[in-house]
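Shown next, in structure tokens, is the structure this report addresses.
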Amino acid sequence: MPKTQNNAVMKWLYIFAFVVAFLVFFGGFVRLTRSGLSIVEWNPISGVIPPIGQQAWELEFAKYQLTPEYLKINTGMTLGEYQFIFYMEWIHRIVARLAGLYYAIPVFYFLFKKTIPFREFGVYFVMGMLFIGQAFMGWYMVASGLVDRPAVSHFRLTVHLLFALTLFSLALWTAFGHKYGFHDSSKKVKWSLPSKLALWSTLVLVIQISYGGMTAGLKAGHVSDTWPLMLGKWLPANLFSSWINLFESPQTIVFIHRWFAWLGLILVPVVFYVVKKQNYPADIQNGLKWLFGVVALQVTLGVWTILSYVNIVIALTHQANAIFLLGLALYFIHRFRALDGK
């Protein structure tokens, strides 16, 4: 991690983390509107300009009409309807390109001006590679839905999501360092109990998000619109009849996603109890109360998403809150580790 703090770099990283979070959020909108497979080619340069004129639109539509999604789901779609889903995916890709420029131009400017010392460039280089990696993974994901089935691979979708959230996390963590100070990597600082609990809580959240990605990729949220029962039962049959069900069965994946969240809801009060007992600063104690509220809201939104049969507004709010929750979790780990070093 860097050691040089700078206010301008901090602000840039905060905004960049927000842009990445918006990309994830808008990607959810693209998925829920079934727009992600509308552009069947990946043209990083020429793809910046959408089709112009009737002939160009008809040519693009003709390409889409050869895809499994059109042949099996959207047969009979009009050109006007196609243009809507095309523009949703096109906007997603344009925002991603602009985000790439928003990363690249400032980072090279700061490097040139030595605001970021070259010896500390490593973490920023990793961010750049993560951005490129998630872009390639995005196309690799889309390509999986253009061959023989009208849906992308849920594994590729989840990896694409995790790449983006790793980039978001690294940018936010580095921004926290510029604001609150970077940890001295030369010292081995013991992990306190609150730090360990915060880390475990974050790992629970990452697993939950991963299962959320697989749930989205398999459209497993449509398996059942009842809660707490699923398919009329507390524990439907054959959910865990094979280990592969943990990664392939829509019923098993959505069941885990439904109930694993409650572990996070339990862990936050435990962290608060330990922090209060050890007399941590009041701002951290109050912050944990807010964190518990955000976790409770996330669980509530998850239940509403089920009961609404994946209403797009509720589902997107659920996704946005998950990103916010991840940011809060990183903040508390950073604060706890800073206090560990004192």
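Among the residues of region 58-71, write down those that are assigned to a helix (DSSP H, G or I) and under 11 Å from Pro150 (Cα atoms). Those that are assigned to a helix (DSSP H, G or I) and under 11 Å from Pro150 (Cα atoms): Pro68, Glu69, Tyr70, Leu71.
Looking only at residues of region 301-323 that are within 13 Å of the chain's Cα centre (by Cα) and touching a residue at least 24 places away in the same chain (Cβ under 8 Å), we find that the one that is surrounded by the most Cβ atoms within 10 Å (Cβ to Cβ) is Gln319. Count of region 241-253 residues, restricted to those that are in a helix (DSSP H, G or I) and without any contact (Cβ under 8 Å) to a residue 40 or more places away in the chain, is 6. The condition (being assigned by TED's automatic domain parsing to the domain that holds Gly221 and at pLDDT below 95) is satisfied by just one residue among Ala320, Ala338: Ala338.
Tell me yes or no: at least one residue of region 321-331 is more than 20 Å from Leu165 (Cα to Cα) and either of a type in the set (A, V, I, L, M, F, W, C) or in a helix (DSSP H, G or I) (or both). Scanning region 321-331, I find no residue that is more than 20 Å from Leu165 (Cα to Cα) and either of a type in the set (A, V, I, L, M, F, W, C) or in a helix (DSSP H, G or I) (or both), so the answer is no. Taken over region 29-57, residues that are in a loop (DSSP other than H, G, I, E, B), in contact with a helix residue (DSSP H, G or I) (Cβ under 8 Å, 6 or more places away or on another chain) and not hydrophobic (A, V, I, L, M, F, W, C) amount to 9. Taking every residue in region 153-180 that is touching a residue at least 12 places away in the same chain (Cβ under 8 Å) and farther than 20 Å from Ala99 by Cβ and pairing it with any residue that is crowded, with 21+ Cβ neighbours inside 10 Å and charged (D, E, K, R), at least 6 positions away or on another chain, yields no pair with a Cβ-Cβ distance below 9 Å. Residue count for region 137-172 under the criterion of being of a type in the set (Gly, Ala, Ser) and in a helix (DSSP H, G or I): the result is 5. Checking Asn286 against (1) assigned to a helix (DSSP H, G or I); (2) in contact (Cβ under 8 Å) with a residue 40 or more places away in the chain, only one condition comes out false. Which one? Just one mismatch for Asn286, condition (2). Residue under question is Tyr70, and the condition is that it be surrounded by 11 or more Cβ atoms within 10 Å (Cβ to Cβ) and closer than 22 Å to Ala135 by Cα; does it hold? No: the conditions fail for Tyr70.
The single condition among (1) within 15 Å of Ser224 (Cβ to Cβ); (2) of a type in the set (Gly, Ala, Ser); (3) surrounded by fewer than 18 Cβ atoms within 10 Å (Cβ to Cβ) that Ser249 does not satisfy is (3). Consider region 73-108 and keep the residues that are among the β-branched types (Val, Ile, Thr) and in a helix (DSSP H, G or I). The one that is farthest from Ile132 (Cα to Cα) is Ile85.
Consider only pairs whose beta carbons are under 7 Å apart and that are at least six residues apart or on different chains; among these, list those whose first residue lies in region 16-40 and is at positive phi and whose second residue is part of a helix (DSSP H, G or I) and surrounded by 19 or more Cβ atoms within 10 Å (Cβ to Cβ). Cβ pairs passing all conditions: Arg34/Ile85.
Restricting Ala175, Ala198, Ala261 to those that are at pLDDT 95 or above, part of a helix (DSSP H, G or I) and surrounded by 19 or more Cβ atoms within 10 Å (Cβ to Cβ) reduces the list to Ala175.
The sole residue among Lys11, Lys3 that is basic (Lys, Arg) and at pLDDT 95 or above is Lys11.
The values are calculated or read from the model by the stated rules, or taken from the named source; none is laboratory data. Predicted, not measured: the structure shown is a model, and the values here were computed from it. No Cβ is skipped: glycine too gets one built from the backbone with ideal geometry, and neighbour counts run over all protein chains shown.
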